[in-house]
1. How about residue 356: which lysines have a C-alpha closer than 22 Å to its C-alpha, ignoring those fewer than 8 places off in the same chain?
2. Once you place label points 7 Å from the Cα toward the Cβ at residue 93 and residue 43, how far apart are they in nm?
3. Which stretch or stretches of the stretch 103-130 have amide N atoms under 16 Å from the point lying 7 Å from residue 327's Cα along the Cα→Cβ direction?
4. Roughly how far apart, in whole Å, are the Cα centres of the stretch 64-119 and the stretch 294-335?
5. Taking the stretch 323-374, how much of its Cα-Cα pair set, in percent, is spaced more than 14 angstrom apart?
6. Please give the FRET efficiency for residue 254 paired with residue 191, using the beta carbon to beta carbon distance and R0 = 35 Å, rounded to the nearest 0.05.
7. Among all the lysines, which ones have a C-alpha under 27 Å from residue 37's C-alpha, if same-chain residues fewer than 8 places away are not counted?
8. Out of 365, 234, 347, any idea which swings most in a Gaussian network model of the chain, alpha carbons joined below 10 Å?
Amino acid sequence: MSEHGDQVPGYRMIRMEALPDAPAAALADVEAWQARKAYPNVLGGGGPVFGVAEELETGGWRIISSCSTSFPQGARDTMAMLFRGWARDALDAGDTESQQEWLRGAERLDWETVDELTVHGRRFRVVRGDQFIRMGPTGPEPPRPSDPDPAKVGHGNEYRGRTKGFVIDPYTPTGMSEGILRMELLSLVQARGTAPAAVRKDSLRALKTHPGGVLLPAEFTAAEFSDGHWAPTQMTNPSPQGSRDTLTSYLRVMAPVMEQLDEETRAEYGRLADRIDAERCDEIVIDGCRTRIVRVERLVRVGPDGPEGPRPSDPDPELPTAVQTQQLREEGVFDEDRVLSEEEAEQQRIAEEQAKEFLRLFEEQRKRREAAEGS
């Protein structure tokens, strides 16, 4: 839908259609509309996320990885890994020429900061997504009833989500509520004074270079209300249960070791984790702070040449893997004959003790869940 009618390029169009023949989609559209009233404010949901997409001959770009790494280099490393997987497939098929081509692409990614490559006639790109949450008087929006949540307790990691295989194509019809949300998000820029000048400059530039956009399937995180504001405490997960499982793993495994909890607090954290498992609840109070499973919207902006890639102002602190390894060797980190200093030896001892405790607590959690499933 557009005021310019048929003259608007496809990447700028938002086609809204009623979906009477798709009950689940229609229900999701109704819930999205209701969310506009209960959670009227749309706020940034953390920094950008990155993934890998491949251009399709039929139009659009298909996402071929998760779209959840915090830095572009993570997506570049994933692209190299995918290339090596296809190289193995080519070798198994006896196609050494294709194998070598895929390996050359992977090796280039090992050494160079490259966000787009064409290998074997196929075009790949690191794509960028912005994250948003809806906020209302009671806090951020929790999962909706229509959000897929099929995994059993303790098995949230088995649900791979709907992002991998998703096609970025603004011309694909959408429901009315999603279409309106897309228009809202596409108009947002960093407000003056709320971000560094370079970040605001890039967000303003994106309005012109990538004026269209597509919403990816929603993901979920845990957020804590502390010091008067909500802040995420974990990476996003494809399902609410994935976030619940991450939270209970923190309470049972990570927190006791990292925060050196006493026995009383460990027991209390364990009871909270048990409650989350038993009730599959989306909000709980931990140490007097409300913690909630939160719904995260993600928007990929699109321009005439496809989805937006990393921006110059995006944090990108990681080096390509081969460059990083080379630097560590030059610094002597991989020198097996190097004698550790007393401080380094103590740090290594502590790390080994923590690793053993992590493994012990993780094994306890695994046995607990196996017993619960067998009862």
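Taken together, the values in this text are just the output of simple stated rules run on the coordinates, not laboratory data. From a predicted model like this one, the values you see are computed outputs, not experimental measurements. With ideal geometry, Cβ positions are generated from the backbone for all residues, glycine too; neighbour counts draw on all protein chains shown.
1. The qualifying lysines are 367.
2. For the pair residue 93/residue 43, the computed spacing is 5.0 nm.
3. Residues passing the 16 Å test: 110-114.
4. So the separation of the two Cα centres works out to 15 Å.
5. Across the stretch 323-374, Cα pairs with separations above 14 Å total 71 percent.
6. 0.50
7. none
8. Result: 347 has the largest fluctuation of those listed.
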